[in-house]
Amino acid sequence: MEKRPLSNAAWWKDAVVYQIYPRSFMDSNGDGIGDLNGIRAKLDYLQELGVDVVWLSPHFDSPNADNGYDIRDYRQVMAEFGSMADFDHLLAGLKARGIQLIIDLVVNHSSDEHAWFQQSRQSRDNPYRDYYIWRDPVDGGPPNNYPSFFGGSAWQWDAHTGQYYLHYFATKQPDLNWENPAVRHEVYEVMRFWLDKGVAGFRMDVIPFISKQDGLPNLPPEHLAHPEAVYASGPRVHQYLQDMHREVLAPYGAVAVGEAFGVDFAAAPLFTDARRGELSMVFHFDIVRLDRDNWRKIPWTLPQLKAVYTRIDQTGGSHGWNAAFLGNHDNPRAVSHFGDDRPAWRALSAKALATLTLTQRATPFLYQGDELGMANYPFERIEQYDDVEVKGNWRMLVETGQVPAAEYLAHLRETSRDHARTPMQWSADAHAGFTTGTPWLAVNPDYPDWNAAAQTADPQSIYHHHRRLLALRRSTPALVHGAYQDIDPAHPQVFAYTRTLGEHAYLVLLNFGTEALRYALPGGLRVAEAVLDNGAGDTAAAGASQVLLAPWQATVYRL
Ligand code: NOJ
Ligand code: CA
């Protein structure tokens, strides 16, 4: 297959990215943990799907307090995942198929087992002391009221030197001190190390958090439950990113995707406006968090969702760009989250969601298994979870009696990150073909019916719908670059938008529900022919001004 007409400087705008969570993708040696050779064994699958880029969640040496988002050595491969030679083979295999690789840059924090931190905690005058953020106690307690995302205070007492260190995430993830120019240069060197190997760029973990507020004042009470807005608006974040761009990203022509957690719509263009020289694009969290209040699931409506899509598109403007996604390793499964994972609607709604993501004016990011409609795991008991976030919040909320266990568990069944981390479902063989050993996290029991082997053999599958969407996007510049217009923002069940580039116009019609309806196109619109449909019902003939929409029907029409 001919790949890579994407040779312009902003090639990544035309790309489709596939995220791999290595621990759960494919195990090559029977230890129950996915690994780099496992990924290499599945490259044909990725090529057939038609993706342009793989984003690899962290593959670096790590004690795995947070599954690799706690890095002990930025220049080593995690032993469970393989060796540096395995990494080099994987990269070569991807490139041979015209697929680029972006890796996960986790530099807001390191592991507490990183050599820098081991030094830093030795003494107050250690040369590495200033690589991290140490403060004296205030009134015998933590220096301020910052909460950690994984439960409790963001400050950890270290008796050896009699100070606290800052950790926005787990205690084993101390925040690096970006005020220290030596830290910034260490990060540039790490980036160059991997760029010299040939990676195309980075997904940047919680990158807006790198600049801390001057003086670290207490959070006002209204921010205590959602500290990310304050953590993401430090005074020097743009200076640091512009320096990084000038020093590393620009000279290498590297792509940078920022995890913009905590960044509001007004601030987003500051990160992505190409004239400023910071990041290529960002992930906005307003969609996947629409129905969330931390670990709680809250109600959402389709008009709310549509309003967020419009706002995100606007933040791109004419000089910026966005990343579109409905799932990743930190969120429940897309089909369970925004679709309908009951048997009758699971495949159709998964296809409808894919149609949505792959027709945005943004670079689509697909999360492993979503191309198969993998669904949430039927968790029942706290012991079934692995996630450090789940366990930290359990200690903080349930063990202290603040929240009844049954209530927390009921929400986790919908919101836990572990839903996305169960092993990839390759086949109907034991353990879904993921491993010959015992998988590190249970395989979803629905795998005999929902797996890659079945779907690659079935032209009507969710997998093949993704292939068709990828091909359509590749051959249709209007679906990548065209203006986005929601033509019916208030409709409670239909998501209808146009994509227009010059004389080329397309209409995307998505029925977000289980009722069939007759839909009169607003504004006197008439469809031309259907170019792609998810098979839920019939499509309308050219010239029609109204359309019968079957439950979860998703159609792309030419206008
Ligand atoms: C965001 C990552 O996606 C998540 O998995 C991780 O726990 C935190 N950042 C901390 O690195
Ligand atoms: Ca393995």
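The values are calculated or read from the model by the stated rules, or taken from the named source; none is laboratory data. Just so it is clear, the structure is predicted and the values come from calculations on it, not from any experiment. Here the Cβ positions follow ideal geometry from the backbone for every residue, glycine too, while neighbour counts run over all protein chains shown. Note: areas computed on protein heavy atoms with side chains; ligands, DNA, RNA excluded. Shrake-Rupley method; radii C 1.70, N 1.55, O 1.52, S 1.80 Å.
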Got a sec? Which of 450, 394, 426 is outside the structural domain of residue 314 (by TED's automatic domain parsing) and over 30 Å from residue 317 (Cα atoms)? 394
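Of all the helices (runs of 4 or more DSSP H) wholly in region 179-271, which have at least 3 residues that are over 20 Å from the mean Cα position of the chain (by Cα) and within 12 Å of residue 105 (Cβ to Cβ)?
Filter on region 179-271 gives 181-197.
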Search region 535-557 for residues that are under 14 Å from residue 520 (Cβ atoms) and pair each with any residue that is part of a loop (DSSP other than H, G, I, E, B) and of a type in the set (Asp, Glu) when their beta-carbon atoms are under 8 Å apart and the residues are at least 6 apart or on different chains. 548/538
Qualifying positions in region 337-370 - farther than 24 Å from residue 45 by Cα and out of contact with any strand residue (DSSP E or B) (no Cβ under 8 Å at 6 or more places or on another chain): 337, 338, 339, 340, 341, 342, 343, 344, 345
When you scan region 62-70, do you find a residue that is of a type in the set (A, V, I, L, M), within 11 Å of ligand 2 (Cβ to nearest atom) and either farther than 23 Å from residue 188 by Cα or in contact with a helix residue (DSSP H, G or I) (Cβ under 8 Å, 6 or more places away or on another chain) (or both), even just one? no
Residue list for region 410-439, filter: in a loop (DSSP other than H, G, I, E, B) and either without any contact (Cβ under 8 Å) to a residue 24 or more places away in the chain or buried (at least 17 other Cβ atoms within 10 Å of the Cβ) (or both): 416, 421, 422, 423, 424, 425, 426, 429, 434, 435, 439
Pairs needed: first member in region 177-195, open to solvent by less than 20 Å² (accessible area, probe 1.4 Å); second member anywhere, charged (D, E, K, R) and in a helix (DSSP H, G or I); C-beta distance under 9 Å; at least 6 residues apart or different chains. 178/184; 183/130; 188/243; 188/247; 191/247
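Among helices (runs of 4 or more DSSP H) lying entirely in region 1-105, which contain 3 or more residues that are within 16 Å of ligand 1 (Cβ to nearest atom) and at pLDDT 95 or above?
So the answer is none; nothing clears 3.
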Please work out which residue is farthest from ligand 1 (Cβ to nearest atom), limiting yourself to region 246-289 and to residues that are closer than 18 Å to residue 193 by Cβ and not hydrophobic (A, V, I, L, M, F, W, C). 251
Residue list for region 499-527, filter: under 22 Å from residue 358 (Cα atoms) and assigned to a strand (DSSP E or B): 499, 500, 501, 504, 505, 506, 507, 508, 509, 510, 511
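Checking the condition assigned to a loop (DSSP other than H, G, I, E, B), open to solvent by less than 40 Å² (accessible area, probe 1.4 Å) and not β-branched (Val, Ile, Thr), which residue from 375, 442 passes?
375
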